[in-house]
Every structure is written in structure tokens, then in C-alpha cells.
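The values are calculated or read from the model by the stated rules, or taken from the named source; none is laboratory data. Quick caveat, the model's predicted, so the values are computed rather than measured. Virtual Cβ from ideal backbone geometry, glycine too; neighbours counted across all protein chains shown.
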Amino acid sequence: MPVTSSCRICSGTVREFLDFGRQPLSDAFVTPEDLAEEFFFTLAVGICESCTMVQLMEEVPRDRMFHQGYPYLSSGSAVMREHFQAIAKRFLATECTGPDPFIVELGSNDGTMLGVIAESGVRHLGVEPSGGVADLAAAKGVQVRKDFFEEETAADILADEGPADVIYAANTLCHIPYMESILRGVDTLLAHSGIFVFEDPYFADILERTSFDQIYDEHFFFFTVRSVQEMARRFGFELVDAERLPVHGGEVRYTLARPGARPVSQAVTDLLAEESAAGITEPATLAGLASRVELIRERLPALLGELRERGERVVGYGATAKSATVTNYCGIGPELVPFVCDTTVGKQGRLTPGAHIPVRSPEAFRDPYPSYALLFAWNHAQEIMEKEKEFREAGGKWILYTPEVHVV
Ligand code: SAM
Ligand code: TMP
Ligand code: ZN
């Protein structure tokens, strides 16, 4: 029986193409006392037959994911800190040229991007429901509203501050199933000539890299230029630019404006043509992804099992949200990977969701080095491999599982 759901953009039929079964919340790092209450849901992904939006089949209630204890920190990577500094400077140079500009960020997290705007003295507001990370931003001098952005929030902000010249959201819009409320909110708050800029993992990159671990509770939508263009049109906006980004394993930064307010860049036309030539939403392409994922599910635990038989030590590197899909789908627990190291203090001393692998600080990685490191944070590979040069020099090897299982 084909499994279907209703599209959160156009109400069309969403047809499932990949099912990971029961999965935990990817950022719910647990203590042994919490184990009895761990929350699970069915992680499966489908594509809308009408508007082509790729999306999860089941929605997790937002308060279960984003709350006071939400552990992810934007500032955890030096590359990402530079990335956010660059976009902040671009906004300051190109969009903040009027008398009293105003920038709003949705999902401002620990204030890595807005901190730069705050330092420049430009009026700004972060909208961030996760209280712990919002407090970190406030401590940097960033103005934050602890709230979920949606239509009502937008009306409130407009009443308090007036219209926004820029509304920006990084790795946040794809987390939000209630898109109609968001885009109505953007319509309410955005100045007539303003722009709504958002960047999220690009579905074409997920296909190309078989990065199936981008699929987890928080990533509800998997955007393509085509589906975003349709979504924009449906809610009264125009997609005026699409820029490929190398971060987080491949993303696209989309710029929406009011129809006719800004010229449409050649990049939009080019990427639409590329997507259509590559057939990224064709059933055969999606079935191909599903079979490559199945192969990884066989090979990764097999490799880890062989290494264990040979008495080799393997440590996980980066307790990413993404790793929840890998460990739980592939059946990898502490018997194959005794611990995973991560710089995030809030994750250390806890167990990874579902798989229950202990999380330890990066010092544990060096004490002593294992023979192999399973790189869950592969999207930060360059930064991490550079930082951990000595591991390689000591004979250590990295295990990667995208686009297929391999050792470097
Ligand atoms: N923008 C940061 C970055 O790219 O590093 C943080 C991304 S984090 C993966 C997603 C953030 O979105 C979380 O901090 C979460 O609390 C926030 N979030 C979730 N739903 C939201 C909503 N409706 N409005 C604003 N922020 C939201
Ligand atoms: P992300 O893939 O969602 O950005 O998460 C990356 C995780 O990896 C986050 O928990 C921080 C961790 N990390 C390290 O432990 N060491 C590092 O050098 C980097 C860049 C990230
Ligand atoms: Zn649809």
C-alpha cells in the first residue's frame, strides 16, 4: 500500500519514497534517568505530486524539539562563524543603506550572525524559541524575542518596530512545517522593497552525496529551486536569487522579494534548468537514493563489526543531529562505537538519542587516539581534519559513509 500524506505547502498528495522507521528526536541527548521517556516517531520522507516539495510524512510537535535545553550552537564551527560574519557584512553593505534599517533573524540561536549586526549598531531582532541559546545571544548584546516566529509574532514585531528591510533565516525555515503562517508573517513584516533570505540543505546535494543523514525530525522540508519558486509564488512572493553554498554539505541561499520589486538573477534560471536536466524529482532518481541508502545500512555496521573483531578501537567524531538517523537506522550502538566526542558542553556526559552512545569531550579522543574515527560531522570535514592532523600523523584513519562507506 503506498503511504501518502497531505502537502504542507499546497495540500497535494505527498507520496513516500524513503522510510527510516521509528526514530528518536535528533537533538534529545539523554541521561540514563530519561531513557524510559524517550520520544520516538516515524521518520519517512515523500514528495508532493503537485508542487514537488520533498517533506517528512510525520510532523513532530515543535515544543518537543525547540525548548530551553535545545543544545545546538551556531558558533560550534569556525567555518560557520566566518560564514555568518560574511552574510552579516553583506546585509550591512547592501541592504542597510536607508536612514534606520531593521534586520530580523528567525532562528537566531546563540547570536552568531546578529552579534555582528549588533556591533555595527544597526537595529535588529532575533526570534528564537529555544530559551538557552537565546540567552547566549542576549549576553552578546543581541536583541532577542524568545518565541516561535509565525503570523501573530510578525504582527507584534511590526507594531513594535515597523517593517523589516531584511528577514533572514539560516537552517531554520526547513525546520518549520507551518509554512503558510511563516510566509504570511513575512508578508506582514517585510518592507515593500525588503528581502526574505533563507539558506537550507539543498535536495540536489543530498541526492548527489547520498547524505541521507540530512533527513531527521528537525529537517521537515528539503528544498529545491523549483519547489521554492512555486512556494514563493503561492504566497505572493517572487524567487529572485538562488546561490549555492558549500556549508553543511551543500545548501542554497534563496532570496524572495515582492513580485517585480527586484530583478530575477540568471542563477535562478540556470539552477532550474540543472534540476530539470538531472531529473531530481523523478521517481527513478528517488528510488536510486533509497537503494544507495540501503547499501550504506548494510556496509557501515559490517565494517564496524569487522574492525571490532580485529580489536581496533573506533570512536565517533561529532554528536551531530544527523548522526541520530545513521546510528538508529544502521543499528550502531556503544558495542560498535564506544563513545562519540563533541565540543558542545551541553551534549557531553549524555547519551546520543536512541542509540545511547556516550558523548565525551574532544580531549577523550586524544586519550589515547583510536585507530579509526567515524566522522559523523562530515559536513565540517575540512575544519576537523585540519584540527586533528596529529590523529592522522599517529596512523589514525577516518571512516566516512557518504556518498558510500569508505576509509581515508
Ligand atoms: N540559524 C542558526 C544556524 O544556522 O546555525 C541556528 C539553526 S538551528 C539548526 C534552528 C533554530 O531554529 C533553532 O535555534 C530553533 O530554536 C529555531 N526555530 C525553530 N522554529 C522556529 C520558529 N518558528 N521561529 C524561529 N526560530 C525557530
Ligand atoms: P552540525 O553538523 O549540525 O553543524 O553539528 C556539528 C556537531 O559537531 C556539533 O555538535 C559540534 C560538533 N563539532 C565538534 O565536536 N568539533 C568540531 O570541530 C566541529 C566543527 C563541530
Ligand atoms: Zn505540494
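Tabulated data
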| read-out | value |
| --- | --- |
| Residue match in region 380-395 (condition: crowded, with 19+ Cβ neighbours inside 10 Å, touching a residue at least 60 places away in the same chain (Cβ under 8 Å) and in a strand (DSSP E or B)) | no |
| When residues of region 160-175 are limited to those that are of a type outside the set (D, E, K, R) and surrounded by fewer than 21 Cβ atoms within 10 Å (Cβ to Cβ), the one farthest from VAL252 (Cα to Cα) | GLY162 |
| Qualifying positions in region 244-267 - under 24 Å from the mean Cα position of the chain (by Cα), under 16 Å from PHE196 (Cβ atoms) and surrounded by fewer than 20 Cβ atoms within 10 Å (Cβ to Cβ) | ARG253 |
| Search result, residues across region 229-243 that are touching a Leu at 6+ places or on another chain (Cβ under 6 Å) and assigned to a helix (DSSP H, G or I) | GLN229, ALA232 |
| Cβ-Cβ under 6 Å pairs, at least 6 apart or on other chains, region 67-87 side within 11 Å of ligand 1 (Cβ to nearest atom), far side assigned to a loop (DSSP other than H, G, I, E, B) and aliphatic (A, V, I, L, M) | PHE84/MET113 |
| Test result for VAL133, more than 19 Å from the chain's Cα centre (by Cα), more than 16 Å from ligand 3 (Cβ to nearest atom) and at pLDDT 95 or above | no |
| 2 or more residues within 9 Å of ligand 1 (Cβ to nearest atom) and under 21 Å from VAL54 (Cα atoms): qualifying helices (runs of 4 or more DSSP H) within region 111-208 | 179-189 |
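Here's the yes/no breakdown for (1) assigned to a loop (DSSP other than H, G, I, E, B); (2) crowded, with 22+ Cβ neighbours inside 10 Å; (3) free of Cβ contacts under 8 Å to residues at least 60 places away in the same chain; (4) touching a His at 6+ places or on another chain (Cβ under 6 Å):
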{"position": "GLY333", "(1), (2), (3), (4)": "yes, no, yes, no"}
{"position": "VAL337", "(1), (2), (3), (4)": "yes, yes, yes, no"}
{"position": "THR343", "(1), (2), (3), (4)": "yes, no, no, no"}
{"position": "LYS347", "(1), (2), (3), (4)": "yes, yes, no, no"}
{"position": "HIS356", "(1), (2), (3), (4)": "yes, no, no, no"}
{"position": "ASP367", "(1), (2), (3), (4)": "yes, no, yes, no"}
{"position": "ALA373", "(1), (2), (3), (4)": "no, yes, yes, no"}
